[in-house]
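Structure, as structure tokens:
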Amino acid sequence: MKFNDSFYIRTDSQTQIVRANTHETLKKLLWIIPSSPTILWPILMDMFPHRALASEIQRVYTANLLQLVEYCPVLKDRVISTIIDKLIQIDVR
């Protein structure tokens, strides 16, 4: 599943509610299913925006990943490492 640019950068109140609900759902799934970080990680990487997309898209996705590690610390090292790698790829471009 791929999303268009407007999905990533919308800031209206309904979008904020959807994002908050998404994080709440992820929190619950992570708590209910102990192996879910293992399943979630490849999905997060597959959905990472391409480096050619707008910087705002990159920022929003990165912000959501950082919010995720607040309640899923087991992914923290991988998330931070991936964000740094992606930033380097963008910088080299």
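The values are calculated or read from the model by the stated rules, or taken from the named source; none is laboratory data. Source: prediction; values computed, not measured. No Cβ is skipped: glycine too gets one built from the backbone with ideal geometry, and neighbour counts run over all protein chains shown.
Could you count how many residues in segment 27-37 are surrounded by 12 or more Cβ atoms within 10 Å (Cβ to Cβ) and among the hydrophobic types (A, V, I, L, M, F, W, C)?
Selection size over segment 27-37: 3.
Just the residues that are under 16 Å from H23 (Cα atoms) and surrounded by 17 or more Cβ atoms within 10 Å (Cβ to Cβ), please, taken from segment 38-70.
Those that are under 16 Å from H23 (Cα atoms) and surrounded by 17 or more Cβ atoms within 10 Å (Cβ to Cβ): L40, L44, V60, Y61, T62, L65, L68.
Got a number for residues in segment 71-84 being farther than 13 Å from P37 by Cα and surrounded by fewer than 11 Cβ atoms within 10 Å (Cβ to Cβ)?
2
Yes/no matrix, rows are residues, columns are (1) at pLDDT 95 or above; (2) closer than 18 Å to T15 by Cβ; (3) in contact with a Lys or Arg (Cβ under 6 Å, 6 or more places away or on another chain):
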position: L53; (1), (2), (3): no, yes, no
position: R59; (1), (2), (3): no, yes, no
position: L68; (1), (2), (3): yes, yes, no
position: L75; (1), (2), (3): yes, no, no
position: R78; (1), (2), (3): yes, no, no
position: S81; (1), (2), (3): yes, no, no
